[in-house]
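Colleague: Here's a structure for you.
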Amino acid sequence: MQNIYGITKTNLEEYFINNNEKKFRATQIYEWIYRKNVKSFDEMSNINKDLINKLKKDFYFGNIDIIKKQEDKLVKKYLFSLSDGNKIESVVMYHDYGISICISSQIGCNMGCAFCESGRLKKVRNLQTSEMVLQVLKVQNDIKERISHIVIMGIGEPFDNYNNLLDFIKIVNNPYGIEIGSRHITVSTSGIVPKIYDFADQNLGVNLAISLHAPNDLLRSKIMKINKVYKIDDIIKAVKYYISKTNRRVTFEYIMLDGINDNKENAIELAKLIKGINSYVNIIPYNETNNLEFKRSSTLKISKFYDILKKENINVTIRKEFGSKVSGACGQLRAENQGGV
Ligand code: SAH
Ligand code: SF4
């Protein structure tokens with residue numbers, strides 16, 4: 001038995017062909033579950049009884065439950081309970097260009113970045129593809145508006161759940177399903193280098209964001225354990241490969257941690273590092289967590305850092321802040337729910 005929300009359209013087509021059916025059945029099923037939102041095979045009026053019975057033997061409609069919702073003006077945070085009792089969170093944000101959802105890819109995270117609340121809970125398990133798809137579907141149904149953008153920046157390291165991530169992208173991107181354009185999907189990684197190469201070769205056309213957060217190995221290794229395995233130079237090479245294969249501009253995320261990575265020299269070194277690469281820096285004001293070691297840089301320091309990058313002709317933006325009131329901001333997820341709701 002397989003969860004119907006976790007199967008790509010290509011695999012579903014294969015299933016039908018193997019069962020002496022036409023592959024357009026897969027389109028029909030996709031339209032029923034993602035467009036008409038039916039939750040049982042019995043409601044699929046253009047599928048014959050025999051086939052419905054066969055489908056019922058091979059697939060089931062899995063579910064994840066919304067157990068808590070916190071709302072602020074332009075943000076909603078959802079807490080979900082999974083079928084094994086684990087909990088995950090998603091955040092939906094209303095922008096002027098559309099509605100985006102930030103989804104989780106794992107329960108906990110093993111990367112152990114020093115500043116990140118999500119990573120404090122060691123990885124319990126990967127999310128199944130269906131559990132990622134259902135975050136989008138359930139929230140979209142709840143808000144009764146179309147979600148236009150997906151960012152995989154919630155709890156977890158998406159490249160540590162690689163195969164499920166690829167299937168997830170194929171499912172939400174499919175034109176007969178949720179139909180989120182590839183240019184509206186962004187995957188953020190702490191920098192698992194071999195996966196960056198593989199992801200480039202997949203040719204999915206989605207946006208890649210790299211959590212860089214420091215311009216040199218000494219500093220980066222202090223705050224991100226993964227830098228002991230994959231060095232900045234390796235990341236830069238992989239990013240260049242990604243750009244050459246996909247023609248997409250890559251984002252470098254840079255959290256501003258007071259007194260740690262936010263001075264003038266850091267900005268100059270960063271500019272040097274990425275000069276000439278088709279990319280932009282997204283400066284992220286740090287959201288303070290229970291971890292008292294790290295403080296947010298002052299607004300003045302952030303704007304000075306921004307100005308230096310600009311002067312060096314680096315494309316740069318400062319991330320608009322969303323969701324800190326509902327602890328739905330980056331790096332704050334999970335903090336409140338570790339002991340259950
Ligand atoms: N594991 C992936 C994706 C999830 S984290 C990654 O690390 O890229 C998404 C982003 O939030 C990353 O850039 C991460 O470094 C950042 N982040 C973590 N904690 C944060 C905090 N407290 N304030 C602001 N951003 C944070
Ligand atoms: Fe994991 Fe990303 Fe948090 Fe690092 S920043 S611990 S990779 S979720």
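Colleague: By the scheme Lys and Arg +1, Asp and Glu -1, what is the net charge of all other residues having a beta-carbon under 11 Å from that of Tyr230? Don't skip to the end; give the middle numbers.
Modeller: Working: positive: Lys195, Arg220, Lys225, Lys228, Lys231, Lys237; negative: Asp217, Asp233, Asp234.
It works out to a net charge of +3.
Colleague: Same structure, new question: Leaving ligands, DNA and RNA out of it, rank Arg296, Arg183 by accessible area with a 1.4 Å probe, largest first.
Modeller: Correct descending sequence by accessible area is Arg183, Arg296.
Colleague: State in Å² the accessible area per residue of the stretch 1-90; use a 1.4 Å probe, count heavy atoms of protein chains only, and round to the nearest integer. Mind showing how you got there, number by number?
Modeller: Values: 4730 Å² over 90 residues.
Spelled out: the 1.4 Å probe surface of the stretch 1-90, per residue, equals 53 Å².
Colleague: Can you tell me the convex hull volume per residue for the chain, based on C-alpha atoms, in Å³ to the nearest whole number?
Modeller: Expressed per residue, the convex hull around the Cα atoms of the chain is 133 Å³.
Colleague: Answer rounded, prolate or oblate for the stretch 212-288, using the Cα gyration tensor with square roots of eigenvalues a ≥ b ≥ c: rounded when a/c is under 1.5, else prolate when a/b is larger than b/c, else oblate. Write down the numbers at each step before the final one.
Modeller: On the way: a/c = 1.83, a/b = 1.46, b/c = 1.25.
Prolate.
Colleague: Continuing with the same structure: Going by the alpha-carbon gyration tensor, a ≥ b ≥ c the square roots of its eigenvalues, is the stretch 69-121 rounded (a/c under 1.5) or, if a/c is not under 1.5, prolate (a/b greater than b/c) versus oblate?
Modeller: oblate
Colleague: With labels modelled as points extended 7 Å from the Cα through the Cβ direction, what inter-label distance (nm, one decimal) is found for Leu74 paired with Asn48?
Modeller: Label-label distance for Leu74 and Asn48, simple model: 5.4 nm.
Colleague: If the label point is 7 Å along Cα→Cβ of Phe61, which residues in the stretch 4-41 have backbone nitrogen under 17 Å from it?
Modeller: What the label zone holds, given the 17 Å backbone N cut-off, is 4-7, 28-41.
Colleague: Hey, any idea what % of the chain's accessible area is carbon plus sulfur with a 1.4 Å probe? Don't jump to the answer; show the numbers that get you there.
Modeller: Values: 7130 of 15070 Å².
Heavy-atom surface of the chain belonging to carbon and sulfur, 1.4 Å probe: 47 percent.
Colleague: Now a separate question. For the modelled label position 7 Å from the Cα of Gln2 along Cα-to-Cβ, which residues of the stretch 174-199 have backbone nitrogen atoms closer than 17 Å?
Modeller: 174, 177
Colleague: Looking at this model, which pairs from Lys123/Lys222; Lys9/Lys170; Lys225/Lys301; Lys122/Lys237; Lys77/Lys138 are more than 18 angstrom apart at the alpha-carbon?
Modeller: Numbers: Lys123/Lys222 21 Å; Lys9/Lys170 8 Å; Lys225/Lys301 26 Å; Lys122/Lys237 29 Å; Lys77/Lys138 12 Å.
Violating the 18 Å limit, Cα to Cα: Lys123/Lys222; Lys225/Lys301; Lys122/Lys237.
Colleague: When DSSP assigns beta bridges and you keep just the ones with both residues in the chain, what percent turn out antiparallel, to the nearest 5? Please list the in-between numbers first.
Modeller: On the way: 21 of 46 bridges.
Looking only at bridges with both residues in the chain, the antiparallel portion is about 45 percent.
Colleague: Using the Cα gyration tensor of the stretch 2-60, with a ≥ b ≥ c the square roots of its eigenvalues, what is the shape: rounded (a/c below 1.5), prolate (a/b larger than b/c) or oblate (neither)? Before the final figure, lay out each step's value.
Modeller: Working: a/c = 1.33, a/b = 1.14, b/c = 1.17.
Verdict is rounded for the stretch 2-60.
Colleague: Heavy atoms only, 1.4 Å probe, whole protein assembly: order Tyr241, Tyr97 by accessible area, highest first.
Modeller: Tyr97, Tyr241
The values are calculated or read from the model by the stated rules, or taken from the named source; none is laboratory data. These numbers were taken from a predicted model, which means no experiment stands behind them. All Cβ positions, even for glycine, are placed from backbone atoms using ideal geometry, and neighbour counts span all protein chains on display. Each accessible area value is taken on the protein alone, full model and side chains, heavy atoms only, with ligands, DNA and RNA left out. Shrake-Rupley method; radii C 1.70, N 1.55, O 1.52, S 1.80 Å.
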